[in-house]
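A.B. asks: First the structure, then my questions, so here it is.
The values are calculated or read from the model by the stated rules, or taken from the named source; none is laboratory data. None of the values given here were measured: they were computed from a predicted structure. Because the Cβ atoms are built from the backbone with ideal geometry, glycine has one as well, and the counts that use them run over all protein chains shown.
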Amino acid sequence: MSGKHVAVLMGGFSSERPVSLSSGNACADALEGEGYRITRVDVGRDVAAVLSDLRPDVALNALHGPFGEDGTIQGVLEYLEIPYTHSGVLASALAMDKAQAKHVAKAAGVPVAEALVMNRKEFTNAHPIPAPYVVKPVREGSSFGVVIVREDQSHPPQIVTSPDWLYGDEVMVERYVYGRELTCGVMNGQALGVTEVIPTGPGFYDYDAKYVAGGSKHVIPAEISPNIYQKIQAWAVKAHEAIGCRGVSRSDFRFDDRFSDEGEIIWLEVNTQPGMTPTSLVPEMAAHAGYSFGELVRWMVEDASCLR
């Protein structure tokens with residue numbers, strides 16, 4: 001049992017605040033069960049002053065989205081010299097920028113889909129690339145702002161140029177990849193199991209499929225050939241290393257096996273701070289590898305450091 005004082009950073013002010021609160025409280029409850037002294041910090045603009053007063057031994061970062069996983073809070077923690085979990089400043093910022101992360105992963109030999117980055121205001125009546133394609137905010141998580149443009153749509157999605165768009169002007173337009181949703185965690189530089197995510201509704205793996213109970217079915221180990229399974233594990237580790245991730249990460253893939261068993265595998269992105277909610281994937285992967293939830297969060301805390 002540990003007497004360490006752990007500040008669990010949660011909430012924040014991104015669009016992913018509700019998910020972060022769920023992740024943070026789950027982690028805090030588990031760490032209390034492991035014997036740590038816990039302070040739950042609902043992060044606001046005064047977080048540097050709050051942490052300066054608390055002086056915890058470790059910060060467990062359960063924030064999601066901008067500010068929480070883009071290198072910003074990591075910089076604050078570096079400045080305060082408070083050891084923290086997950087990836088450091090550079091890897092966090094790089095992974096949050098989907099376009100730049102894709103460049104780095106591709107250079108490392110990880111297969112990615114063709115894409116271009118453009119200002120959303122540049123959308124006209126013509127498709128920027130042949131449909132089907134996906135429009136993604138460059139710097140968002142949890143599938144916020146993701147729009148799938150089908151082959152039969154005659155013009156680009158109007159929501160992207162609408163005043164109601166909340167996700168920044170820079171967007172990535174990426175070739176749509178048919179197939180199955182597969183994901184693989186990496187812990188301490190080693191691949192965890194590969195999970196297939198099957199949305200239970202008619203849509204893709206969106207916010208509700210990720211976080212609403214019953215929104216998706218998780219199959220671990222994924223029912224794919226050993227060759228494909230091992231390729232996905234290897235590419236998840238390669239992306240983790242190329243981007244410079246630390247602690248726990250999770251890479252998402254699409255696997256198009258419509259025409260052959262080998263099919264096409266495409267890496268989509270790496271999440272440097274995967275969700276730790278009751279419906280989250282990494283805790284399930286860790287359990288499949290023999291780690292209880294308490295053991296997982298304890299490992300994260302003991303792995304914490306600065307200069308990550």
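A.B. asks: Name the one entry in GLY263, GLY275 that is at pLDDT below 95 and either closer than 29 Å to GLY33 by Cα or within 20 Å of the chain's Cα centre (by Cα) (or both).
C.D. replies: Step by step, each of GLY263, GLY275 is checked, and only GLY275 is at pLDDT below 95 and either closer than 29 Å to GLY33 by Cα or within 20 Å of the chain's Cα centre (by Cα) (or both).
A.B. asks: Taking LYS210 as meeting all but one of (1) under 23 Å from GLU262 (Cα atoms); (2) modelled with pLDDT under 95, write down the number of the exception.
C.D. replies: Among (1) under 23 Å from GLU262 (Cα atoms); (2) modelled with pLDDT under 95, LYS210 violates only (1).
A.B. asks: Restricting attention to the range 138-146, does a residue exist that is of a type outside the set (Val, Ile, Thr) and at pLDDT 85 or above?
C.D. replies: Checking the range 138-146: not a single residue is of a type outside the set (Val, Ile, Thr) and at pLDDT 85 or above.
A.B. asks: So for the range 149-168 (the condition being within 30 Å of GLU302 (Cα to Cα), crowded, with 16+ Cβ neighbours inside 10 Å and at pLDDT below 90), does at least one residue qualify?
C.D. replies: no
Okay, residues lined up against (1) farther than 30 Å from PRO137 by Cα; (2) at pLDDT 95 or above; (3) among the β-branched types (Val, Ile, Thr):
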| position | (1), (2), (3) |
| --- | --- |
| ALA7 | yes, yes, no |
| GLY11 | no, yes, no |
| ILE38 | yes, yes, yes |
| SER52 | yes, yes, no |
| LEU77 | no, yes, no |
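A.B. asks: Can you go through THR72, THR85, THR39 and tell me which one is without any contact (Cβ under 8 Å) to a residue 24 or more places away in the chain and in contact with a helix residue (DSSP H, G or I) (Cβ under 9 Å, 6 or more places away or on another chain)?
C.D. replies: Exactly one residue qualifies, and that residue is THR72.
A.B. asks: In contact (Cβ under 8 Å) with a residue 24 or more places away in the chain, more than 27 Å from PHE255 (Cβ to Cβ) and β-branched (Val, Ile, Thr): is that true of ILE129 in this structure?
C.D. replies: No, not satisfied.
A.B. asks: State all residues of the range 18-61 that are touching a strand residue (DSSP E or B) at 6+ places or on another chain (Cβ under 9 Å) and of a type in the set (Gly, Ala, Ser); if no residue qualifies, say none.
C.D. replies: SER20, SER22, SER23, GLY24, ALA28, ALA59
A.B. asks: Regarding the range 42-58, can at least one residue be identified that is surrounded by fewer than 22 Cβ atoms within 10 Å (Cβ to Cβ), free of Cβ contacts under 8 Å to residues at least 24 places away in the same chain, closer than 25 Å to ARG250 by Cβ and of a type outside the set (A, V, I, L, M)?
C.D. replies: There is no residue in the range 42-58 that is surrounded by fewer than 22 Cβ atoms within 10 Å (Cβ to Cβ), free of Cβ contacts under 8 Å to residues at least 24 places away in the same chain, closer than 25 Å to ARG250 by Cβ and of a type outside the set (A, V, I, L, M).
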